[in-house]
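For reference, the structure is listed below as structure tokens.
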Amino acid sequence: MSALATTAVDLLVDPLAYDFMVRALLTTLVASVVCAVLSCWLVLIGWSLMGDAVAHAVLPGVVLAYVVGAPFALGAVVFGFLAVGLIGVVRDTSRVKEDAAIGIVFTTLFALGLVLISVTPSQTDLNHIIFGNLLGVSWPELTQVMVLGAVVLAVLLIKSRDFTLYAFDRTHAHAIGLRPRLLGAVLLGLLALTAVVALQAVGVVLVVAMLIIPGATAYLLTDRFGRMLVLAPVISASCAVIGLYASYYLDTAPGGTVVLAQGAAFALVYLASPRHGLLGTRWAARRRRLRRERAAA
Amino acid sequence: MAAPAVDVREVTVRYGEVLALDGASLRVEPGRVCGLIGMNGSGKSTLFKTIMGLVTPEHGTVAVDGGSSARARRAGAVAYVPQSEEVDWSFPLTVRDVVMMGRYGHLGLTRRPRRADHEAVDAALERVGVAPLASRQIGRLSGGQRKRAFVARGIAQGARVLLLDEPFAGVDRDSEATMVRLLRELAAEGAGIVVSTHDLHALPELADEAALLMRRVLLHGPTAQVLRPENLAMAFGLGLDGRAEP
């Protein structure tokens, strides 16, 4: 093996000598894959802002769950639905429009979470929820992430076709006797659970990035939903690994670096995707124009 | 005699303060095509939503395919072809994927299609003449082809009642003629079809009967009779040249 290859392998293997890096790697991988699969539906339904809202609004639920010793997932789901319910109430019973209703509800709930953290003993633990604490994930926390992630993935994949139908044509779903409102509610519940999974990795603030960027990136690459469901997690997991290693060697915040890698991947695809990228569509338009001019000449 | 495809009686629907339907009645028999004519805001969409059970009327009764709307939906008896504006045409699905969604009501937990479902979809695609385009993304079809793909979804579903909302909007004359032929064939096979439109020139060829809607059904009868200028004037106020105001 050449010296260069040996060095490359060393670069990849060295960090894994630390137990905390192994746990960090597994946590980001699970979180990025689960978020990426869910994000395919979120970006198509137009629920990006809703994803942002639910991810933030689970904070007080998680803190209260911590205080009473209940599972984080339970608190998160309760507050996730509470947020969606409140958004609906504000939107439907006042003249305030939906985007403002979302902004009011989720920031208020998030603020409630911050206040609860400030009055709860053992603040260090809970502050990690906000910005993530990838390098400090314990084995029990990692187990929770894996169990929740597996549950979310299983439901998403078993009901994949129903969710796609829900995203594409709710009226048809209703017309053939399915229950679109129930499908929507299940998807929101999964969103709240996913927020719990991902906030271990990158924290509440950056969860939304993992819930939107991978789906949006895959959407620019393909016209087939089935391929989106493969591309999004592959891209997201690759970015997670690259981001984590970069943060190790550059000594930067791991959560932030992972999201930066995802943002960079989106920018690359946005520019260079053959079919829906900026350069691709510009070149195609140019070729068409040249062909027309040549035909006219 | 078979039960009516659609039997709406004295239906009143209110959205908050707004009265959308006010004692509307409409009965369409199987094998018939009914043109539903009315201005924007006359309640055409609300009537469709009522038939599909998407809105619950304050008063009145709705029967579809001889039973309740819910029973008809569970049986896969009702198909709806949406207006173009209601559809996300950049959605990453192929024409075949969309038509396959007609089969979901017949499928199990994961909606995994079986051979019979693939065959039903193939037959439906063939029937409406978009089979060669089946693997295109749904937005890469012309206006008329898009509409026919959605009709194919209803055929694959095995629907006996077809509701089409403005199927001729953004469709050229050739496609319109193809669509008229297709709907006539489906009616001849026993489907009950309701087509809402404010483009009236296709109606005489397409529809056996027409209904003028203005929150309630003002007039329901043979198409030629309903399309008389003095009758249209009732529904549109103006539009005596036979073309409704948009």
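Legend: calculated FRET efficiency, residue B:107 to residue A:234, from the Cβ-Cβ distance at R0 = 41 Å, rounded to 0.05, equals 0.90. Can you grab the distance from the C-alpha centre of region B:157-175 to the C-alpha centre of region B:115-140, Å, no decimals? That distance is 16 Å. Can you give the FRET efficiency for residue B:185 and residue A:154, using 1/(1 + (r/R0)^6), R0 = 51 Å, r = Cβ-Cβ distance, to the nearest 0.05? Efficiency, rounded to the nearest 0.05: 0.70.
Rounded, prolate or oblate: which one fits chain A, using the alpha carbon gyration tensor with axes a ≥ b ≥ c (rounded when a/c is under 1.5, else prolate when a/b beats b/c, else oblate)? Cα axes put chain A in the oblate bin. Dividing the summed helix terms, -39500 (n - 2.57) for each DSSP H run of n ≥ 4, by the number of residues in the protein assembly as shown produces a 222 nm estimate of -19500 deg cm²/dmol to the nearest 500.
Our compactness index for the protein assembly as shown, the C-alpha radius of gyration over the empirical 2.2 N^0.38 Å, is 1.14. Region B:60-75 and region B:1-58 have Cα centres spaced 13 Å apart. For peptide B:50-57, the mean count of partner chain Cβ atoms within 10 Å of a residue's Cβ comes to 2. Rounded to the nearest Å, what's the spacing between the alpha carbon centres of region A:238-269 and region A:119-155? Just the number, please. Each part's Cα centre sits 20 Å from the other's. Run the numbers for residue A:122 and residue A:19: contour at 0.36 nm per residue of separation, minus the present Cα-Cα distance, in nm. Once the chain is fully extended between residue A:122 and residue A:19, it gains 34.7 nm. The simple spin-label model puts a point 7 Å past each Cα toward its Cβ; for residue B:118 and residue A:284 those points are separated by 2.9 nm. Ranking A:55, A:274, A:188 by Cα position along the charge dipole of chain A, where only Lys, Arg, Asp and Glu carry charges on their C-beta atoms, puts A:274 farthest toward the positive end. Here the spin labels are modelled as points 7 Å beyond Cα on the Cα-Cβ line, and at residue B:205 and residue A:94 they lie 5.5 nm apart. Modelled this way, with points 7 Å down the Cα-to-C-beta line, the labels at residue A:107 and residue B:29 are 6.3 nm from one another. Ranked by how many other Cβ atoms sit within 10 Å of their own Cβ, fewest first, the residues A:174, A:276 fall in the order A:276, A:174.
Potential lengthening of the chain between residue A:9 and residue A:292 amounts to 96.6 nm, from the contour at 0.36 nm per residue minus the alpha-carbon distance. When the Cα positions of B:177, B:51, A:262 are compared along the charge dipole of the protein assembly as shown, B:177 comes out farthest toward the positive end, with charges on each C-beta of Lys, Arg, Asp and Glu.
Bear in mind that the values in this text are calculations on the coordinates, not laboratory data. All values derive from a computational prediction rather than experimental measurement. Glycine also receives a Cβ, built like all others from the backbone with ideal geometry; neighbour counts cover every protein chain displayed.
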